[in-house]
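To start, the structure itself, in structure tokens.
The values are calculated or read from the model by the stated rules, or taken from the named source; none is laboratory data. These numbers come from a predicted model, not from an experiment. All Cβ positions, glycine included, derive from the backbone under ideal geometry; neighbour counts span all protein chains shown. With ligands, DNA and RNA removed, areas are computed over all heavy atoms of the protein, side chains included. Shrake-Rupley method; radii C 1.70, N 1.55, O 1.52, S 1.80 Å.
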Number of protein chains: 2
Amino acid sequence: MGRPKQFDPDVAVERAMEVFWSKGYAATTPQDLVDALGIGKGSLYNAFGSKRELFERALCRYRDGQAVALVELLEAGGPVKERLRRTLHLLAEMDLADPGHRGCMAVNTAAELGAEDERAAELVRRMFDRTEGAFRALVEEGQRTGEINAGRDARSLGSLLLNTVIGLRLMGRVADGPDRPARVIDAVLDGL
Amino acid sequence: MGRPKQFDPDVAVERAMEVFWSKGYAATTPQDLVDALGIGKGSLYNAFGSKRELFERALCRYRDGQAVALVELLEAGGPVKERLRRTLHLLAEMDLADPGHRGCMAVNTAAELGAEDERAAELVRRMFDRTEGAFRALVEEGQRTGEINAGRDARSLGSLLLNTVIGLRLMGRVADGPDRPARVIDAVLDGL
DNA sequence: CTCATTTTGTACCTCAAATTCAAGAACGGG
DNA sequence: CCCGTTCTTGAATTTGAGGTACAAAATGAG
């Protein structure tokens, strides 16, 4: 019973995610959110409690969306190294083409809140774990097919690839061209 | 002529750097700076103009300090790969041991301001250029001594090492242990 | 000493961030 | 159709960020 909500909370979280992703946590004001979600301040706080809580939901939404996207990319067909190369280049191109230079919301959150907000740090860590795991699985597949030296530690290579992506996406925030990312990708893949 | 300053601007910038480094740009208030520098607000604004200008000077100071430190590390004696390993491990350990999880001020700035502040982005880009150059020089030295495969592109390897450092230091913001950084370092060096 | 110049500390101002609240609107149950 | 509940709107509240104004204080030149 009671008056039904006049907006879809899922849509609202999605839009909030876009705003937080573009502007960061601190730089996003309740007014920005009100404008983007198209609801009143009262509804905002009634539905989500606080800016901080809404941010957490937005970050979880980001995580869920990214998890799907990454798995899709890595599970495509073809040689493992080619899949890796395509995935890394796609990331770099997206970051470069994005006029807002948004980069990766998890990376941005790590930088902005990681030191002071343990809940946010934990969420980001888990996203990193997940990505590392996906890369590790791909490396192991490559080792089974003989594309990647089976003597190397798959977990370490997974960490390396995660770290590479983090670096690439951080650089996307100040990117001035495709050359450096391309060199990074070349060097990483040559080192596998 | 005129009344002399009762504080050393260089010391003030140094302290401002510490504050900005610890808290980030947006989260640092003029009051924080006044407290840390031990001067009045009037002096602060008289000497530095604005929070933004002071930040830029603090960032330049960080750059100058880091440049020296990195060169010292990379110019030490011994095999190139050992120097690299020591340098990377030292960074990782510093980040882990730092109770404030400050990470790297350039990386933090890239994440926080890179998208919106072109001047800050340019400063960070130059710092990245410089670091990449230092790594490249070290790689070329390793290639001359035969420690590193001379067939590989030194510039790409420099980019890779820069990217590795960026990733490591970003992860330092949410670090929960030494394992992942250690794996990254192992994998990177094995791939050289 | 006096003047022009610069620094300093305090008080003040403006604006907006983040949240709360009051008044009412839209439901469903009995 | 009344009632309790939940949602909505937007103004009010509180707090502090970021900066300005100004008079007093400290200097060197002449």
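Between A:ARG3 and B:ALA137, the modelled labels are 6.8 nm apart [label points 7 Å from Cα along Cα→Cβ]. Between A:ASP153 and A:ARG119, the simple label model (points 7 Å from Cα in the Cβ direction) yields a spacing of 3.5 nm. The Kirkwood hydrodynamic radius of the range A:59-190, based on inverse pair distances between different Cα atoms, is 15.3 Å. Take A:LYS81, move 7 Å from Cα toward the beta carbon, and the resulting point lies 2.0 nm from the same point in each other copy, nearest first. With a cut-off of 14 Å between beta carbons, the residues surrounding A:ASP129 carry a summed charge of +4, where Lys and Arg count +1 and Asp and Glu -1. Placing R0 at 35 angstrom, the Cβ-Cβ distance between A:ASP179 and B:ARG144 gives a FRET efficiency of 0.90 after rounding to 0.05. The calculated 222 nm mean residue ellipticity attributable to helices in the protein assembly as shown amounts to -24000 deg cm²/dmol, summing -39500 (n - 2.57) over DSSP H runs of n ≥ 4 and dividing by all residues.
Peptide B:91-103 is shielded by partner chain Cβ atoms: per residue, an average of 1 of them sit within 10 Å of its Cβ. Looking at the range A:42-89, the GluC sites (Glu not before Pro) that sit in a DSSP loop and have at most 14 other Cβ atoms within 10 Å of their own Cβ are A:GLU75. Between the helical axis of B:118-145 and the longest alpha-carbon principal axis of chain B there is an angle of about 30 degrees.
The other copies place their A:PRO99 label points at 4.7 nm from this one, listed shortest first, where each point is 7 Å from Cα along Cα→Cβ. Counting, for every residue in B:148-156, the Cβ atoms of other protein chains within 10 Å of its Cβ and taking the mean gives 3. Model label points for A:GLN31 and B:GLN66, set 7 angstrom from Cα along the Cα-to-Cβ axis, are 3.4 nm apart. Share of carbon and sulfur in the accessible area of chain A stands at 50%, probe radius 1.4 Å.
With label points defined 7 Å past Cα in the direction of Cβ, position A:ALA47 shows copy-to-copy spacings of 4.9 nm, given to one decimal and shortest first.
What whole number of Å gives the distance from the Cα centroid of the range B:9-77 to the Cα centroid of the range A:122-138? About 35 Å separates the Cα centre of the range A:122-138 from the one of the range B:9-77.
Annotation note: trypsin sites (Lys or Arg not before Pro) in the range A:1-75 located in DSSP loop regions with a Cβ neighbour count of at most 13 within 10 Å are A:LYS5. The residues A:LEU70, B:LEU157, sorted by heavy-atom accessible surface at 1.4 Å with ligands and nucleic acids left out, run A:LEU70, B:LEU157 from largest to smallest.
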